[in-house]
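Below: one structure, written as structure tokens.
Only the coordinates and a few stated rules stand behind these numbers; no lab work does. Keep in mind that this is a model prediction, so the values were computed, not measured. Note that each Cβ is placed from the backbone with ideal geometry, even for glycine, and that neighbours are counted across all protein chains shown.
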2 protein chains.
Amino acid sequence: MTSAAAPSRELPHPVRAEIRLEDVLHALSDPVRLRIVCELASDGGELACSHFDLPVTKSTTTHHFRVLRESGVVRQVYRGTAKLSALRREALDDLFPGLLDTLLDAADRQALRLGD
Amino acid sequence: MTSAAAPSRELPHPVRAEIRLEDVLHALSDPVRLRIVCELASDGGELACSHFDLPVTKSTTTHHFRVLRESGVVRQVYRGTAKLSALRREALDDLFPGLLDTLLDAADRQALRLGD
DNA sequence: GTCAAACTACGATGGTTCTCGTACAATGAA
DNA sequence: TTCATTGTACGAGAACCATCGTAGTTTGAC
């Protein structure tokens, strides 16, 4: 019960200028996180953490979403009991033109090549 | 003195089909390695490890080159006392079209943005 | 108020990574 | 053979990371 002020459930995000390529690459170098990003991209909008059927527990899922958020790859907001995540397409495309699309294409190709 | 057989100084590389996107991204998510890759790309050919002026010791440099080689990003061969490294452009461009160029461009932009 | 759903915080654990220093091996030149 | 150059192997330490389980918070529905 935080008296007057705004919703206390605010999540810290790096501003655009703080996003670093190394952090983005590190975030995407984990299979679970790469999968999350691919699903977010193919959906295009906001998805709740619970939407994903990942091979890890809930607390590990929380960890992976935090890494994605803190590296600047996704933006997260609370809505009710859910936490919605969406790709930060604008920021990423502005900082690193073509990178996200090329990366998603690379992931698709590899999925095909290795048999889903 | 290895009796008859071929040069014992052969370095293990993943074949093209074994190269995994996650490993490539992980390899490039370290600042020292990203810098090595950028220099290799701008040179275009083979460079000796000793060519690089990196902020780490020689043994750490060896470590970083091994990560790059084992992830499939560079190919390394011995020539005399030197070990030459070159980007595996063909393999990477074949597996992940456009990825390397987009990544190098992203690194350049970031270097400009953050002031060299 | 009670309850279930969605997510988090915390601590722990086991593995990996980055870093180093020292000692060593391979090569080519003098 | 001796020597300098180039890179490696090995061991170690510190930091980081992915994972989990348990206990807790926040929210909305009943």
How crowded by other chains is B:96-108, given as the mean number of beta carbons from other chains within 10 Å of each beta carbon?
5
Structure-based [θ]222 nm, the protein assembly as shown - -39500 (n - 2.57) summed over DSSP H runs of at least 4, per residue, nearest 500:
-14500 deg cm²/dmol
Compute the relative contact order of the stretch A:38-100 as a whole-number percentage, counting only Cα pairs closer than 8 Å that sit 6 or more residues apart in sequence.
35 percent
Expressed in nanometres to one decimal, the distance between label points 7 Å along Cα→Cβ at residue A:93 and residue A:57 is 3.9 nm
What list of whole percents do you get for P(r) of the stretch B:37-79, with Cα-Cα distances grouped in 5 Å bins up to the one holding the largest distance?
5, 20, 33, 31, 11
Mind ranking B:79-91, A:25-37, B:61-73 by how tightly packed they are, going by the mean number of other C-beta atoms within 10 angstrom, highest first?
A:25-37, B:61-73, B:79-91
Taking all pairs of distinct Cα atoms, average 1/r, flip it, and tell me the Kirkwood hydrodynamic radius of the protein assembly as shown in Å to one decimal place.
19.5 Å
q = 0.12 Å⁻¹: log10 I(q)/I(0) that the Debye formula gives for the stretch B:14-116, counting C-alpha atoms only:
-0.37
To one decimal in nm, how far is residue A:54 from the same spot in the other copies, if labels go 7 Å from Cα toward Cβ? Please give the shortest first.
3.1
Over chain B, relative contact order from alpha-carbon pairs under 8 Å, at least 6 apart, %
29 percent
Using θ = phi - 60° and the Karplus relation 6.51 cos²θ - 1.76 cosθ + 1.60, list the HN-Hα couplings for the stretch B:56-68 in order, rounded to whole Hz, with x at every Gly or Pro.
9, 6, 5, 5, 5, 4, 3, 4, 5, 5, 5, 4, 5
Shortest-first distances to equivalent copies, position residue A:66, nm, label 7 Å out along Cβ
3.2
